[in-house]
Amino acid sequence: MRKNIDTIDRRTNILLIASSIVLRREISNILLKNYEKTWLTNNLKDGEKIFYEYKDTINLLILCVPLKEKNSYMEFVANLKALRCDLEVYIIAKELDTASIIEITNLGISKLMIEPFDRDGFAKDVKSIAEKIENHRLFEGDLSTYEDPITKLPNKLRLMKDIKEDESYYLMVFNVDGFRQIHNCYGVEAADFVSFTIAQILSKYEINPSFRLYKIQIDEYALLITCKYSRLDYEALSIRIANELTQTANIFEGREIYYNVSVGTSTSEFGNKELVRNAGVALTTAKSKKSIITTYDPSIEDHENNKAVFWLKELKHAIKNNQVILYYQPIISSVTGEIVEVEALMRIKKEDGSLYMPNEFIHVSKEIKVYNQLTKIVINKAVDFIKDHHCRISINLSFEDIINEETKSFILDKLKEEVKIRDKISFELTESESVTNYTMVSNFINDITKLGSEVAIDDFGAGYSNYYSLLKLNINYLKIDGSLIKNIITDKYAQAIVKSIVNLTKELGIKTVAEFVSSEEILIYVKELGIDYFQGYYISPPLTESQLVSLLKNKQNYLSEIYNQRETATQTNIYDLAEIRMTKGKKT
């Protein structure tokens, strides 16, 4: 029975997404008795459709978050909050660790309930949110509605209200790259300290009455400027401010915290109604191009949209039609000269038989949210290859794979299933520069090694990797960065770094792999240094499955073969040499 019509709330419009039948039934019984407009669904996809259909009506979103889909739900909330920062969000979840709770809180949600479900508490919470919604409606001028709770700066709602249709503006949006990693690595208080420092630096510019500062997201700040100068002047100012932000050391409890920023800017040239949105598009473009600043122009949107549409079509087609394929590059022992392992390398096969290489699609696959599907396909195909050919395989994983709960669970479940072959699987952690939460990585590596698989750090020695933190991880191998190996004959700096890495790893009991072994001279040099394994085009280019199977059957000693062919190897194309090695031993 519904309550008397006079007691039913007509202003709180609720969308409930709950996959659990029991929980959905219990919550809907509460909502339908008290709130006139309530939409119900059991999955995120339908929930997204409902929200966008009624995006101007729905003002309370209630999510029952399944643990394995946590990242998808959080991404959904982040997208909606970017679209509607006034949207109230109530999350019900279970078994959340501290990092997850911080992540959820940072999205700007209204309430978080950790299961078991408290019926009375839930009803009380929703009533409180409904009253808040009504108060905002009645007292729209209330300062708290338009204020960031941490910095007390005006927020995105205030920015939208401050933009007048007949004014001419220049808008700068500054995004702190990796702000969530600062949260995870240094803690909430340190992240708040960084927020205050950034606000303090930017607020200096408000001394000019034409400048107004806002905090529009947890990691984004906006400067709205009433135009008085040329666009070039403002672009130069944007770069100057960005440099000031990135060069300022944030010293918190004796630790220096640095960060980078990306800047998106827009002008009134393309309309004030789209001013904030256009700056957001420019910011996304700046991040994707890894540039400091991008100013909005319709052409960049056309380019990015076309690019996203193209790759979404190509990758979805490849996934559907089994055109995500693996190539395999052999890794040989410096002692026996035989293949001990192969690295699985992903390719996308085009309709004409040619290939897309990873550098063409990996980054965009993350943006269009198919990257995790590709990771799962690579793992499944590698497992199948091991079962068929009993060969050790190394699989690349990024930090993004590790922090994605769904992908991480998939990997661990797969290893638990494949008891007989999991000791033939190793994982290479790529992009180690992006690692910020070493505790999370360490826990994942420990879970992997307990199940009998091994772990390597890829591209070690590149850039400014945190050697100390990386070496504390429970790893089995270090793959020395190819940029050091390929120049090692002539570059004394590279020689010194590689020698120090080899000496250090020997003391720690960690094996080393030299990548980019592209010549006989390099191979001899790294062998004399005492590196344990070699990989590179001089040994073999990446091979198709059939080519690798032929090569494995020969079981030749690469080193003896290479030394025996010293006279002819330099005159032989590496692909021809690989073909020679594969055809050796075949019946004529």
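The values are calculated or read from the model by the stated rules, or taken from the named source; none is laboratory data. Everything numeric in this text was worked out from a predicted model, so none of it was measured. Please note: Cβ atoms are built from the backbone with ideal geometry, for glycine as well, and neighbour counts cover all protein chains shown. Remember, those area values only see protein heavy atoms, side chains included, never the ligands or the DNA or RNA. Shrake-Rupley method; radii C 1.70, N 1.55, O 1.52, S 1.80 Å.
Taking all protein chains into account, the per residue accessible area for the range 156-296 stands at 46 Å² (1.4 Å probe).
Under a model in which nothing but the beta-carbon of Lys, Arg (+1) and Asp, Glu (-1) is charged, the range 351-394 shows a dipole of about 340 debye around its Cα centre.
Placing unit charges on the Cβ atoms only, positive for Lys and Arg and negative for Asp and Glu, gives the range 156-296 a dipole magnitude near 240 debye about its Cα centre. Every pair of different Cα atoms in the range 227-341 enters the Kirkwood calculation, which places the hydrodynamic radius at 18.5 Å. Beyond 28 Å, what share of the Cα-Cα pairs of the range 156-296 is found? Please give it as a whole percent. Considering the range 156-296, 16 percent of its Cα-Cα pairs are separated by more than 28 Å. Since only Ser210, Gln181, Gly264 are under comparison, the one whose Cα sits farthest along the positive direction of the charge dipole of the range 156-296, derived from C-beta charges on Lys, Arg, Asp and Glu, is Gly264. Per residue, the range 14-139 exposes 49 Å² of accessible surface when a 1.4 Å probe is rolled over the protein heavy atoms with every protein chain present. Modelled label positions at Asn306 and Leu32, each set 7 Å beyond Cα in the direction of Cβ, lie 5.0 nm from each other.
Here's the list of aspartates and glutamates a cross-link from Lys164 could span, going by alpha-carbon distance under 13 Å and ignoring same-chain residues fewer than 8 apart: Glu274. Charging the Cβ of each Asp and Glu at -1 and of each Lys and Arg at +1, and nothing else, the dipole of the range 14-139 about its Cα centre rounds to 220 debye.
Taking only protein heavy atoms and a 1.4 Å probe, the accessible area of the range 350-452 is 48% carbon and sulfur.
Considering just Cα atoms, how many Å³ per residue does the convex hull of the range 14-139 enclose? Walk me through the intermediate numbers first.
Working: hull volume 13.1 nm³, N = 126.
Output value, Cα hull per residue: 104 Å³.
Taking 0.36 nm per residue of separation and subtracting the Cα-Cα distance, full extension of the segment from Asp192 to Thr226 would add 9.3 nm. Across the range 413-427, computed HN-Hα scalar couplings (Karplus, 6.51 cos²θ - 1.76 cosθ + 1.60, θ = phi - 60°) run 5, 5, 5, 5, 6, 9, 4, 6, 10, 5, 6, 9, 10, 10, 10 Hz from first to last residue, x flagging Gly and Pro.
Taking amide H positions as modeled 1.01 Å from N, with prolines and chain starts lacking one, the residues under 5 Å from Glu147 and 5 or more places away or on another chain are Asn155. Summarising the amide proton neighbourhood of Asn13: residues at separation of 5 or more, or on other chains, whose placed amide H is nearer than 5 Å comprise Asn59, Leu60. Among the protein heavy atoms of the range 156-296, carbon and sulfur supply 52% of the accessible surface, probe 1.4 Å, non-protein parts ignored.
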